[in-house]
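Scroll down for the structure; my scribbles are underneath it.
All of the numbers you see were taken from the coordinates with simple rules; none came from a lab. None of these values were measured; they are calculated from a predicted model. Virtual Cβ from ideal backbone geometry, glycine too; neighbours counted across all protein chains shown.
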Amino acid sequence: MSVVDATALTSPRARRRVLLRKRFLRRPMAVVGLVIVVVFVVVAALAPWVAPYSASATDFNAILAHSSSKHLLGTDELGRDELSRLIWGGRASMQAGFLATLLAMIVAVPIGMVAGYYRGWVDTAIARITDVLLAFPFLILAVGLAAILGPSLTNATLALGIASMPGLIRIARGEVLALREEDFVPAAVANGANDFTIIFRHILPNMTSTLLVQATLTIPGAIIGEAALSFLGLGVQPPTPSWGVMLQDAQSYLSQDSRLAVFPGLAIVIVSLAFNVLGDGLRDIFDPRTTR
Amino acid sequence: MAEPLLEVSDLSVRFDTDDGPVHAVDKLSFTLNRGEVLGIVGESGCGKSVTCMSLVRLLPETAVISGNAVFDGVDLLALPPKRLRAIRGRDISFVFQEPMTSLNPVFRIGHQIGEVLTRHLGLSRSDARTRTIELLDLVRIPSPAQRIDEYPHQLSGGMRQRVMIAMALACNPRVLIADEPTTALDVTIQAGVLDLMRDVRERLGTSIVLITHNLGVVADIADRVVVMYAGRKAEEAPVGDLYAAPQHPYTIGLLGAIPRPYHGDGERPRLREIPGRVPSLRELPQMCAFADRCPRADELSRSQVPELRFVRPDHLVACFHPGPE
Amino acid sequence: MGGFLLRKVGAALVVLLVASMLVFLGVRAIPGDPAIALGAESRDPAVLAAIRHKYMLDRPLPVQYVHWVWMALHGDLGTDQRDLSVAHTIVTRLPISLELAILSMLLAVVIGIPAGVIAATRRGKPSDYVVTTTALVGLSVPHFWIGLLFIVWFAVDLHWLPASSYVTVHHPIANLEHMLMPCIVLSVGLAAVLMRQMRSSMMTSLGADYVRTARAKGLSERSVIWRHALRNSLITVTTVIGLQLGGLISGVVIIETIFGIAGFGALTVEAVNQRDYTLIQGVVLVAAAGYVVVNLAVDIVYSLLNPRIRAAGARS
C-alpha cells in the first residue's frame, strides 16, 4: 500500500496554468512584448505623475528645440515638451484602443455566440448584419459619425469599436460552432440547463483563451485607427494631444524638423508591435498542437 | 529461386524530436519476391508504416534512416533525391489509408492520375487521358469517361480508394505498397478493394506489400506474413503456416484475440486479450520487447534481444521460447 | 455554383438596402433642421422652401427614402454646397482612387503571397524569420506615418519622387511616378496580412495527406509546393482578401490626404471638413455600395477556385 502525497495533488486548472506560464516564459519575444505593453500602460495611467510637464504648457522661448536636459525629447512648434505630449497622447490613444476593443468584445461576442449556437435563420440574419457592418470601413463610419455628432474622441472610439465587431462576431461564432458539438453540451441539457446557461456558463469559459488572443490582436489596430482618425481631424480635437494629433501637427513642419513626426509614429509602432508579438505568443501557448 | 525484388537489411528509423529520440524501427530485415503479396501486420505504432515510407523517404526531416534497401540492384536509401523521385510512383507506388484526404480536392481525378503518366512516361495529354480511362476501367469504376472529369468530393470513399489504386498502377510499378488500404472503408467495400488487389497481382504480376493490423485481411490475400512488434520483427512465415502454427507468443495472442462465433458445441471460447501496453519507443530495450506482456518471459528474455531463428525452412521467429501454446 | 451565387447576390442586395437606409437615416439624424443641413446652411426662406420641395422633406420618411433611392438609381445624388452635382464630382474622382487601390492590391499580392509560400517551405530557417518579422512590423506600422516619412526622405530630402498631387494616366510615366510612393505605403499593411495568412495556410496544406500522395507519386518538390499545396491555400486567402477590402478603402482616404491626391478618398475628408451633408451622404453611399459590389466579385472568384462549389453535383 502506498501513501498518497497530498501536496502533489494539484487541480487540473492549476497544472494548466503552470504549463502555460512555462510555455510563455520559453518565448522571449512574447515576454518582451508583455513588458513593453505593461510599461506603456502604466506610464499612460500614471501620466499626471510621470509626465514632466502638462500637455499644454507652452514655452515660446524654446520652439522646436532639440533634446536637452530640460526637454528630453525636445519641444514642438509651440514650445510644448515633446516627451510629456507623448505620454499624455499615449494616454488618449491607448484609452481609445482599449475602450474600442472592449466595446467590440462586449457587443460582438454574444452576438457571434448566438449566431453559432442557434444557426438557422438567426445565423443568416446576423450574417447579414455583419455584412452591413463590414460595408462601412472604420474611416467611413467615423466620417458618418463625425457628420452627425461632430468629431470627438468618443465618436472615434465608437467608430473603431463598431468596425472591430465583424471580425469578433465571426470568431465567436466559429468557436461556438465547434464547442456546441462537445459532450458537455448534451450533458448540461440532460441536467436541465437552459440555453442561456449553456451558452454563457458552459461554452463561454472554454472560449476565453481565444477571446483573449483576439482582444490582444485587436487593440493595436484600434490604436493605429485612432491615430489615423485624429490625424484627419475626426477624432481627438487639438489641443488635446493624442499620437495622431501630434502627427497632424508635425505634418506642417515636416520640411523644417522631421523629428516631430518620428516620435509619435515610433511610439505607435512600438506599442503595436508589442501587442502583436504578445498576441502571437499567447495564441501559440494556447494552441494544443505546439510542442514547446 | 529467382532473386528477390526488394531486399531490406538492418533498417533502422529514428525520429529526433524536441523531447528526445523515438526509435520507430530497429534493425528490421525482410525481402519481397516477384509476384508475391507480403503482409506486414502489427498493432498501431509498431513501425510498419514507417518502415515502408522510409524506403522511398516519405518521412519528415526529423527521421534518421540507416541500413540498406536494395531494389533491383540499387540501394534506395543511398539514392540522391532526384533518382528517388523517378522511382516513386513509377517502380514503387503507394496507396494510403485515408481515401478521403489523400486526393487533392481541387484537381479533377483524371488530372491527378494523368500527372503520373505525364511525369514518368512522358505521355501527351490525349494519350494520358486514354490511358487514364483504361485505368479507371481496370479498377472497376463505372462510367470512367464521365468520372474522369469529376472532383474527389463527388466520389464515395470506396471509389476514391480505387482511384488511388489506379493512380498507383498507372506506370505498371513493380511494387505496390498498400498502407491500411481498407481500414477506413466499410466491410462490404473492403472485400471489393481486396478483390481488386488480388486481380492486379494476377493480371499484372505486381508485387504487393500490404500493411495492416487486420488479420482477416492478411489471411485473405497474403502469401507471406511478417509480424512486427515495437519496431522489430517478431515472426515471419507463409500465411498458411502462420495461422495454423504460430510460434511467437505475440502472434498467438493476436490470433487468440480474434472474435469467433460460438456454435454451441463444447466450451465457449474466451476472447483473450494481451495484457499490458506497447513499450515506449524512446529507448531501445536490450531485451525482448514483448517480455513484459509475455506469459513465457524469464531471465533470458529480460536480458537479451532474441535473434531471428528458423523454426522451419521458411518460418522465422525472434523468441527464446517459441512454440505452440 | 448557380445556387451559391444566387444566394450571394441576394445577400448583397439586402446589405445594400440596409446600408442605404442607414445612410439615409444618418443624415436625417443630424440635430437641427435637415433643410439647413442639406442646403449649405443658408437661412434664406425661399432657398429652404426649394430644398424642402426638392428632397420632399415634408413627406413621411419612407416616402423620402424611396424618392431618394429612386433619384440615386438615376444617377442623381443631389448638389453640394457649391451647387455642383455630387454624382459628377464622385465620378470624376473615383477612377483615381480605383487606380491607387488596384495598384496597391496588386503590389501586396505580388509580394505577400510568394513571401508567405517561401516562409512556409523554409520554416524555421532564416528566410522564414525574415518574412515573419517583416510581416509583423508591417502590421504594426501606421501607413500614414510611413507616408509622411517617405515624403520627407524621398521627396523633400532626396528629390527622387514628387511629393504630392496626381497626374492623369494620359502621361503614364509621370502618373506612375506620382503613384509609386502612395502605392507602396498603402500596400504595406495588406502585404503583411497576406504574408501571414499565406504562411499559415501553406503550412496546413503542406501537412495534408494529399501532399504526401503527390510526393509518393514522384512529383518534383516545386510541383508539390506551387501546384498542389498553393492551389488549396489560395482558396482560404481569397476570403481574407475580401475582408481586407474595407481596410483598403480606409487606407485610400488617408493616403490621398497625405499625398495630396485629389481622389475619392480626399473628397470624403473634404466633405466632412466642410460640413457638406449632401456630399457626405453621396460619398458614404457610394463607398458602401462599392464595397458590397467588390466583395461580391471576390465571392465569385472564390466560387471559381473552390471545386466543392463549382461542381456542386455530388454523387457521393
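Normalised by the number of residues in the range B:45-204, the mean separation of alpha-carbon contacts (under 8 Å, six or more apart) gives a relative contact order of 29 percent.
So what is the calculated 222 nm ellipticity per residue for the protein assembly as shown, using -39500 (n - 2.57) for each DSSP H run with n of 4 or more, over all residues, to the nearest 500 deg cm²/dmol?
So the calculated ellipticity at 222 nm is -18500 deg cm²/dmol.
Taking every residue in C:206-213 and counting other chain Cβ atoms within 10 Å of its Cβ, the average works out to 6.
A crude spin-label estimate for the pair A:Ser67 and A:Val42, with each label 7 Å from Cα along the Cβ direction, gives 2.1 nm. In summary, the helical segments of chain A meeting the span-like criteria, namely a full DSSP H run, a Cα extent along the axis of 27 angstrom or more and a mean Kyte-Doolittle hydropathy of at least 1.0, are A:82-118, A:153-179, A:208-231, A:259-286. Between C:Leu84 and A:Tyr253, what FRET efficiency follows from the Cβ-Cβ distance if R0 is 41 Å, with the result rounded to 0.05? Computed FRET efficiency for C:Leu84 and A:Tyr253: 0.75. Among B:Cys288, C:Cys183, a tally of other beta-carbon atoms within 10 Å of each Cβ gives an order, fewest to most, of C:Cys183, B:Cys288. Only one residue of C:Ala271, C:Val69, B:Pro322 has its Cα farthest out toward the positive end of the dipole of the protein assembly as shown, where Lys and Arg carry +1 and Asp and Glu -1 on Cβ, and that residue is B:Pro322.
Using a Gaussian network model of chain B with C-alpha springs under 10 Å, which one of B:Ile141, B:Ile177, B:Ile113 is most mobile by mean-square fluctuation? With Cα springs under 10 Å in chain B, the top fluctuation among B:Ile141, B:Ile177, B:Ile113 is at B:Ile141. Under 8 Å for C-alpha pairs, at least 6 residues apart: give me the relative contact order for chain C, rounded to a whole percent. Across chain C, relative contact order equals 26 percent. Here each label is just a point 7 Å from Cα along the line to Cβ, and for A:Ala125 and C:Thr133 those points are 5.1 nm apart. Taking the Cα centre of each part, how many Å lie between the range C:121-140 and the range A:151-178? The distance from the Cα centre of the range C:121-140 to that of the range A:151-178 comes to 28 Å. Structural descriptor for chain A: relative contact order 24 percent, calculated from alpha carbon pairs under 8 angstrom and at least 6 residues apart. In order along the range A:186-193, the phi-based Karplus estimate (6.51 cos²θ - 1.76 cosθ + 1.60, θ = phi - 60°) of 3J(HN,Hα) comes to x, 5, 5, 4, 4, 8, x, 6 Hz; Gly and Pro are listed as x.
Largest GNM mean-square fluctuation among A:Ile126, A:Ile162, A:Ile224, using chain A with Cα springs under 10 Å: A:Ile126. Taken along the Cα-to-beta-carbon direction at a fixed 7 Å, the label points for B:Asp19 and A:Ser209 span 1.6 nm. Using Cα atoms only, what is the angle between the long axis of helix B:187-204 and the major principal axis of chain B, expressed in degrees (0 to 90) to the nearest 10? Orientation of helix B:187-204: about 80 degrees from the principal axis. Figure legend: label point modelled 7 angstrom from the Cα of B:Leu121 along Cα→Cβ; residues of the range B:89-109 with amide N under 14 Å from it are B:89-91. Mean partner shielding of peptide C:15-25, defined as the number of other chain Cβ atoms within 10 Å of each residue Cβ, is 3.
In the structure shown, the pairs A:Lys22/B:Lys27; B:Lys48/C:Lys217; C:Lys8/C:Lys217; A:Lys22/B:Lys48 are assessed against 28 Å; a Cα-Cα span above that value is assigned to A:Lys22/B:Lys27; C:Lys8/C:Lys217; A:Lys22/B:Lys48.
By Kyte-Doolittle mean hydropathy of at least 1.0 and Cα axial length of at least 27 Å, which whole DSSP H helices of chain C are selected? Qualifying helices, which must be both long enough and hydrophobic enough, are C:2-28, C:86-121, C:230-259, C:277-305. Between A:Ala104, A:Ala187, A:Ala274, the GNM of chain A built on Cα springs shorter than 10 angstrom shows A:Ala187 fluctuating the most. The per residue volume of the convex hull around the alpha-carbon atoms of the range B:261-325 is 146 Å³. Charging the Cβ of each Asp and Glu at -1 and of each Lys and Arg at +1, and nothing else, the dipole of chain A about its Cα centre rounds to 1000 debye.
Where in the range C:55-81 is the amide nitrogen less than 13 Å from a point lying 7 Å along the Cα-to-Cβ axis of C:Val293? The answer is C:73-75, whose backbone nitrogens lie closer than 13 Å to the label point.
Qualifying chymotrypsin sites (Phe, Trp or Tyr not before Pro) in the range B:229-297, where qualification requires a DSSP coil assignment and no more than 16 other C-beta atoms within 10 Å, comprise B:Tyr262.
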